[in-house]
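These notes are about the structure you will find just below.
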Ligand code: DOR
């Protein structure tokens, strides 16, 4: 008797936990129901994946979608449309909105806003602050909460946990893995004179220097070990921190961004000016190489795009009045596939960083593996496609990308979320019906 499915992806090369394998994938009720030769299978919809690679859905665990309060830069609709067009099936959104996401009402408000408007599955971080430190254990268990985000140094917005005493209170309240922006606020303040009143944007990496990041990561690891809390260090930019983090693998996990793996000073600042300004900064090629060594050595667990859109008008202000951040959710997959093509990492390692890694680090329920019973989230890619990334392709409200003009080999051609194709060949399909990401510790 032939089996019936809602959807079959036929003839692709599937990136399964056992490696790349030629297989069809059958989907029923939003979950993976069969992997193998499904020649006799019938389905309401058949997707011809021949010549294509079927990856478990790419999960971008760091995006800033700016809603509520900063919708002139982005909103949940435009941000998640960018995700779907870029082959991303789930996102974790950051709390530095206006107001910041620091209480249950703000989290519930984001969930309400997401309903019927998001194209991919979504979770939201709650921001740590002096005022909510004791409430975090409760907040991190709210529906759709990705966990706690700590800003140790000031970046966009007002969220900040600058001192050890507050940081220790934050880390002591809760059990889930904390995501941390690790830059030392005291050192940032001390060194601000280097850029105050105007300076070449090249000085951004001198103001927010290697020691600014390394000092914060040293403090964080000491405090996290003291209270036995697991931490996830976001967008690590220095070889110094990678050496340190490699010695703390029992409590610390590590994220890098495609921007820090791809761009380097001074070239990026020469070419892009303030459009290359982000926190922590783009550093020199020696640090970029150290990040690649950490990817190869297995120190890095996740990739996050740190999608941080700002309008051109804002970015065109003179440094340092120009805001820090670049968009990235739509370009993560093509930029990284091009690195696969160049031999800098394998496709299997990319999947480890974008699906299995996020699932392991954050304890995501039912996502991150192309395996029976998991959510039918797929990023379907054409490894042979050569395309040039353009500003015109970007649907993020900011309308620009630091990667414009870059020709890449490898492109996302379809995005499938719980069995529903939401992007095919560059077009959004159907209606936005992303749901809340679920977490094992909060089921
Ligand atoms: O460059 C950055 N921009 N780094 C951050 O940590 C925040 C982000 C933003 O929200 O603009």
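Taken together, the values in this text are just the output of simple stated rules run on the coordinates, not laboratory data. No experiment lies behind these values; they were computed from the predicted model shown. Positions of Cβ are generated from backbone atoms using ideal geometry, with glycine treated the same way; all protein chains shown enter the neighbour counts.
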Original post:
Among 411, 292, which comes first, second and so on when ranked by fewest other beta-carbon atoms within 10 Å?
Top reply: 292, 411
Subject >> Calculated [θ] (222 nm, deg cm²/dmol) that DSSP helices of n ≥ 4 give over the chain, each run adding -39,500 (n - 2.57) >> reply: -7000 deg cm²/dmol
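Just subtract the alpha-carbon distance of residue 227 and residue 321 from 0.36 nm times their residue separation and send over the number in nm, one decimal.
On the way: separation 94, 0.36 × 94 = 33.84 nm, distance 3.80 nm.
The span from residue 227 to residue 321 would gain 30.0 nm if fully extended.
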Original post:
When only Cα pairs under 8 Å and 6 or more residues apart are kept, what is the percent relative contact order across the chain?
Top reply: 21 percent
Original post:
Out of 216, 22, 44, any idea which swings most in a Gaussian network model of the chain, alpha carbons joined below 10 Å?
Top reply: 44
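Given the Cα-Cα distance of residue 284 and residue 112 and 0.36 nm per residue of separation, how much length would full extension add, in nm? Numbers along the way, then the final one.
Details: separation 172, 0.36 × 172 = 61.92 nm, distance 4.22 nm.
Gain on extension, residue 284 to residue 112, equals 57.7 nm.
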**OP:** Run the quick spin-label model on residue 312 and residue 270: label points 7 Å from Cα toward the beta carbon, then report their separation in nm to one decimal.
**Re:** 2.4 nm
Original post:
Distance in nm between label sites at residue 45 and residue 196, each 7 Å beyond Cα in the beta-carbon direction?
Top reply: 5.7 nm
**OP:** Give the shape of the stretch 87-209 as rounded, prolate or oblate, defined through the alpha-carbon gyration tensor: a ≥ b ≥ c are the square roots of its eigenvalues, a/c under 1.5 means rounded, and otherwise the shape is prolate if a/b is larger than b/c and oblate if not.
**Re:** oblate
Original post:
Using the Cα gyration tensor of the stretch 72-118, with a ≥ b ≥ c the square roots of its eigenvalues, what is the shape: rounded (a/c below 1.5), prolate (a/b larger than b/c) or oblate (neither)?
Top reply: prolate
Original post:
So what does the Cα-only Debye profile of the stretch 352-443 read at q = 0.20 Å⁻¹, as log10 I(q)/I(0), no solvent term?
Top reply: -1.14
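For the stretch 1-119, what class follows from the C-alpha gyration tensor (a ≥ b ≥ c being the square roots of its eigenvalues): rounded when a/c is under 1.5, otherwise prolate if a/b is larger than b/c, else oblate? Mind showing how you got there, number by number?
Details: a/c = 3.05, a/b = 2.50, b/c = 1.22.
Note, shape of the stretch 1-119 comes out prolate.
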**OP:** Once you have the Cα-Cα distance between residue 165 and residue 37, take 0.36 nm times their residue separation minus that, and quote the gain in nm to one decimal.
**Re:** 40.3 nm
Original post:
Among bridges DSSP assigns within the chain, what percent are antiparallel (round to 5)?
Top reply: 50 percent
Original post:
Dimensions of the chain along principal axes (Cα, Å, largest first)?
Top reply: 72, 46, 41
Original post:
What angle, in degrees between 0 and 90 and rounded to the nearest 10, separates the Cα long axis of helix 210-227 from the longest principal axis of the Cα atoms of the chain?
Top reply: 80 degrees
Original post:
Can you work out the FRET efficiency for the pair residue 391 and residue 344, with r the C-beta to C-beta distance and R0 = 22 Å, to the nearest 0.05?
Top reply: 0.30
Subject >> Pair residue 218, residue 246: separation of 7 Å Cα→Cβ label points (nm) >> reply: 1.9 nm
